[in-house]
Every structure is written in C-alpha cells, then in structure tokens.
Amino acid sequence: MSVENKEKDDKVIVNDNGVPLYKSQMTALDEKLDKEIVYEFGGSVGVLGMMIGFPCLMYYLWVCLEYHQGSLIYPSSFTKDDIILFISREIIEKVKLGAYPTAFAIKIYMGYVLFSFILAYIMPGPVVHGTPLPTLKGKSLPYLCNGLSSWYLTLVTAFVLHFTGIFRLTSIVENFGSIMTVAIIWGYTMSILVFICAFMNGTTHRMSGNLIYDFFMGAPLNPRIGHVDLKMWAECRVPWPVLFFIGVSCALKQYETRGYVTAPAAFLVLAYFLYTNSIQKGEECILTSWDMFFEKDGFMLIFWNMAGVPFTYCYSAVYLSKLEETTGIVVTHSKAYTIFLYILLLCAYYVFDTGNSQKNRFRMEQNGTYIDRKAFPQLPWGRIKNPTYIKTKQGNMLLTSGWWGIARKPHYTADLFQSLSWGLITGFGSFLPYFYFTFFFVVLTHRVTRDMERCAKKYGKDWDRYCERVPYIFIPYVF
C-alpha cells in the first residue's frame, strides 16, 4: 500500500494476514460534525411538501402508465374548476378503480416484506463490523451480512412458486397499482413506528426539535430488531429484489402472451438483476456508505426504499408491458442500437461494481474489517492491491487510485449511465422510462453537494490537496 505525502512517523498496523491497516482516529471534529444539524430540502415546509407530494406524483405517473400508454396527462385548462375536475376524474377515480389496496396485494407485498425479514434474521453469512461511529465513541456495530444467501433462496423460492402455479409472478404486474398502494401505506407506517420507537427506547440522535423535519430525516441512527439492522435491511433486502421481480413479471407476461421475450424486455431483466445482485453480493461493502454511518433512519430513507425505489425505477419495464397490453405495440430496435445499449449497460455496470468495490474494500482494509468473498460475478480490478491515497490530519485516507484517481464520484457516473440505458432501451415514446434517470441526476447532484461541503469542512487543506489531485467529479476533463 503506497501513500502520497506520507509522514515518516506513521505507524503501520498489520492484521493476521499481513495486510497493512491505517485506522482513522475519532476526533472531536468528527463528533461535532456528527451532531451538527443542517436544514436541507427547504426545511420543514420543503420536507412536508415531499412527504405529501411524492406519493401523489407516484399515483399520477401510475395513471399515465396504466391508462394513457405512458403519455403525460393534464387538465384541459388550468382554471380552478378544471384542475379539481381533472384530479377527481383522472386521478382519484382511477386510483380507486385500479390501485385499491386489495387483500391479494397485501399478501403479495407484505408477504415478501415478512419473508425477507425472516431471511435476514436466520440465513447464514459473515458478521462484519461497520464504520467506527462518533455516537459510539469510535466503536462499530456488527452486521450479519447474509444478503447473498437470502437472495439465492429468494430466487429459488420465487421460481418454484411460479412454475408450480402456487403464485404466478405475472400477478405482480397485473396488480401493480394495488401493490404500489400497499407499499406506500407500509412506507408511512414503518416510518411512524421507527420514529416512535426511537423516543420510547431513548435512541434519538441529531434532533432539530422540529417534529416534521425530524420525522422526515429520522430519529434513530441504527435501529435494530435483534441482530437485524433495519436500515440495512430496508436498503438492501426490499427495494431491489422487488424491482427485479417487477421486471421478471413483465417479461413473463410477454412470454405468456407472445411465446417469446423481446430484447428490450430481456435487457431490463438483466439490468435489474445485475443491480440487485451487486448489492447482495457486496453487502458488506455497504456498511461504509454514507447512508449507513451518517443518515438517520427516517421517512426519507424508509419510504424511498419501501415504495419509491421499486415502484418508480421500474417504469421502463412497466411501460413496455402496458404499451403492449393496451395497444399491441411491441417495442423493438435495430440490431446495432440494441447491441450498443447492451454494451453500454455492461460497461457502466463494470465501472459501478468495481468502483464501489474499490472504495469500500479500501475503507474496510483501513478499519480492519475486510473479508475476501467469492460471489458471482467477481470482476477484475474490484480491489486495489497497492492503492495510493492522501492521509488527512484526522487520520482518514482519501483514495486516489483506481477509478478514484480518475474522478471523485465515478460510481455515480456509472450509475447515471445505467439508468439512462434503462430509458433508451424503451425508445422515445414516453418520458416515464426516463423518470429514474432524471430523478437520479437531481438526487446525486444534491448528494454530491452535501458530501463536498462536509468533506471541505472536515478535512480543510487536506481536501484542497485532494481536489487538486483529483480535479474532476463525474467525468474526466468534462466535469
């Protein structure tokens, strides 16, 4: 392991395998920043608007998909009466008709939520410690990383249920609106339960004193039931497998109708699988992420993971399915265009997978928590054997090797190209398949801004040195 501008008096700690470890020191500044309250998203007014507005947006976009082949609808005029009439007839009535939370939808969604939690509790996997936390005076929490075994068992169980006829996976897209409503209700319910329990258990953290804002941002940092970390479970085990099975449901529906699966439908199944599988196979790497060690577990994370991610990121697959179902139009492209998009997806995925792996395995090596896991697919250059980095006065290491020597946020760039490919494979007949890309661009831009401000405040001149060494954020020589 090499280092840039390394001080001579650094003491190298070596683990049992001979791997050098450079442990970060928990400083007073770390504790201060961890407790610092910064109002974001427009404060209480902004977050209240988001908590009300986003479910409404989900229903509006669902109506566009379900009843209008993905076309965005709007009132005939923007007078008060026409707007009220539009909302009543086009949105509320159609939600009642096609998105009512039926008993069958409750069984599907809540059945999976319960199943995934049980697997998180009982399935085998390595126990890995997370990032040292200022709230624990530099200590770290243990996490049972059994996402991979849970994922494989979930795949086997789902396809056994489908092919035996006990539960047809095509039922998911056929009841998409109702299942989405159940997910929305559960997102609110779980947010309320976690918030109340934090006060009952005395585990509130970084509270502003504003009820609305604190509910949105969250009260506890690491809520748990037994050894299951609710934040990790909600982030890894629910949204992405649900997204994958929505894509599978759409493809199976097409197969049952036409006897084959088109290249665009297969593309989306592959895309959803790669993303979901990457999270499960590299679950131990997520422990070093911003969400796990800094973000509190509130409505922002809970609702988004339980309802927002699986039921908005899937618009590409659902659009293709609903378009074919209502109009008979099957979206296809030229061979050259299709091959290009498959290559774009795979290349973006490679950077996404290896970029996240390089960064998080580097952090794990610093913390002494690195484990060598073999899970499909293991990609070359997922771990940097002799990384360079800039050591800060706080003891933290800023990686300057691999993809991280090329840009500061290479995994975000790869993420955006993946999301763009999910839209491009559907053509240009609707904006909805591009909703994920558009939304994600806004979210990542905001997150980068937050991250840069926090790092500049924490590392000072060391951050300036790092920015000189790695000047580009997303794309080298561009931005």
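The values are calculated or read from the model by the stated rules, or taken from the named source; none is laboratory data. Just so it is clear, the structure is predicted and the values come from calculations on it, not from any experiment. Backbone-built Cβ (ideal geometry, glycine too); neighbour counts: all protein chains shown. To get the accessible areas, we keep the full protein, side chains included, count just its heavy atoms, and leave off ligands, DNA and RNA. Shrake-Rupley method; radii C 1.70, N 1.55, O 1.52, S 1.80 Å.
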Debye sum, Cα scatterers, region 117-170, no solvent: what log₁₀ I/I(0) at q = 0.26, 0.28 1/Å?
-0.94, -0.98
Dividing the surface of the Cα convex hull of region 401-479 by four yields a projected area in nm² of 5.7
Any chance you could give the angle, 0 to 90 degrees and rounded to 10, that helix 435-459 forms with the longest Cα principal axis of the chain?
20
Round to the nearest 10 and report in Å² the accessible area of LYS296, as given by a 1.4 Å probe over the protein chains' heavy atoms.
10
Compute, for region 268-423, the length of the dipole vector about the Cα centre, with Cβ point charges of +1 (Lys, Arg) and -1 (Asp, Glu) only. Units Debye, rounded to 20.
660
What area, in nm² and to one decimal, does the C-alpha convex hull of region 368-420 cast on average over all directions?
5.3
Where does each of HIS227, HIS333, HIS162 land when they are ordered by accessible area, with a 1.4 Å probe and the largest first?
HIS227, HIS333, HIS162
Volume per residue of the C-alpha convex hull in region 166-251, rounded to whole Å³
121
Loop trypsin sites (Lys or Arg not before Pro), region 384-479, which have at most 14 other Cβ atoms in a 10 Å radius of their Cβ (DSSP)
LYS385, LYS393
Rounded accessible area of LEU136 (nearest 10 Å², 1.4 Å probe)
60
Give the calculated FRET efficiency between LYS374 and PHE199 to the nearest 0.05, with a Förster radius of 45 Å applied to their Cβ-Cβ distance.
0.55
How big is the Cα convex hull of region 155-207 in projection, averaged over all directions, in nm²?
5.9
Once you compute Rg and the Kirkwood Rh from C-alpha atoms, what is the Rg to Rh ratio for region 330-475?
1.04
The chain - charge dipole about Cα centre, Lys and Arg +1 at Cβ, Asp and Glu -1, debye rounded to 20:
840
TRP304 - accessible surface, heavy atoms, 1.4 Å probe, Å² rounded to 10:
50
Cα-based Kirkwood hydrodynamic radius, region 232-367, one decimal, Å
16.6
Along the charge dipole of the chain, pointing to its positive end and built from +1/-1 on Cβ of Lys, Arg, Asp and Glu, which listed residue (TYR109, VAL470, ILE302) has its Cα farthest out?
VAL470
Quick check on region 95-214: take the gyration tensor over C-alpha atoms, sort the square-rooted eigenvalues as a ≥ b ≥ c, and tell me if it's rounded (a/c under 1.5), prolate or oblate.
oblate
By how many degrees, between 0 and 90 and to the nearest 10, does the Cα long axis of helix 43-68 differ from the longest principal axis of the chain?
40
Nearest 10 degrees is fine. How inclined is helix 147-163 to the longest principal axis of the chain, computing both from alpha carbons?
20
Please report, in debye to the nearest 20, how large the charge dipole of region 373-479 is about its Cα centre when each Lys and Arg carries +1 at its beta carbon and each Asp and Glu carries -1 there.
580
Translational D in µm²/s for region 95-147 (Stokes-Einstein at 25 °C, 0.890 mPa s, Kirkwood Rh from C-alpha pairs)
174
At q = 0.07 Å⁻¹, what is the base-10 log of I(q)/I(0) for the chain according to the Debye formula with one equal point scatterer per Cα and no solvent? Please give it to two decimals.
-0.39
Among GLY282, LEU320, GLN358, which residue has its Cα positioned farthest towards the positive end of the charge dipole of the chain, with +1 placed on the Cβ of Lys and Arg, -1 on the Cβ of Asp and Glu, and the dipole taken about the Cα centre?
GLN358
Within the accessible area of region 96-187 (1.4 Å probe), percent carbon and sulfur
74
Would you list the P(r) distribution for region 286-366, with all Cα-Cα distances sorted into 5 Å bins from 0 and each bin expressed as a whole %?
3, 11, 10, 13, 17, 16, 11, 9, 7, 2, 1, 0
So, with points 7 Å from each Cα along the Cβ direction, the SER77-PHE439 label distance in nm works out to 3.3
Over the chain, average the accessible area per residue using a 1.4 Å probe and give it in Å², no decimals.
44
May I ask you to compute the full-extension gain from THR326 to ILE106, defined as 0.36 nm times their residue separation minus their alpha-carbon distance, rounded to one decimal in nm?
76.6 nm
Once phi is turned into θ = phi - 60°, what whole-Hz ³J(HN,Hα) does the Karplus curve with 6.51, -1.76 and 1.60 give for every residue of region 335-349, x standing for Gly and Pro?
4, 5, 5, 5, 4, 4, 5, 5, 5, 4, 4, 5, 5, 5, 5
For region 215-282, what D do you get in µm² per second when you plug the Kirkwood radius from alpha-carbon pairs into Stokes-Einstein at 4 °C and 1.567 mPa s?
93
Charge tally in the Cβ shell below 11 Å around TYR74, where Lys, Arg are +1 and Asp, Glu are -1, TYR74 excluded
-2
Students sometimes get this wrong: rank ASP82, ASP229 by accessible area, probe 1.4 Å, all chains present, largest first.
ASP82, ASP229
Can you put GLU174, GLU284, GLU66, GLU468 in order of accessible area, largest first, using a 1.4 Å probe?
GLU468, GLU174, GLU66, GLU284
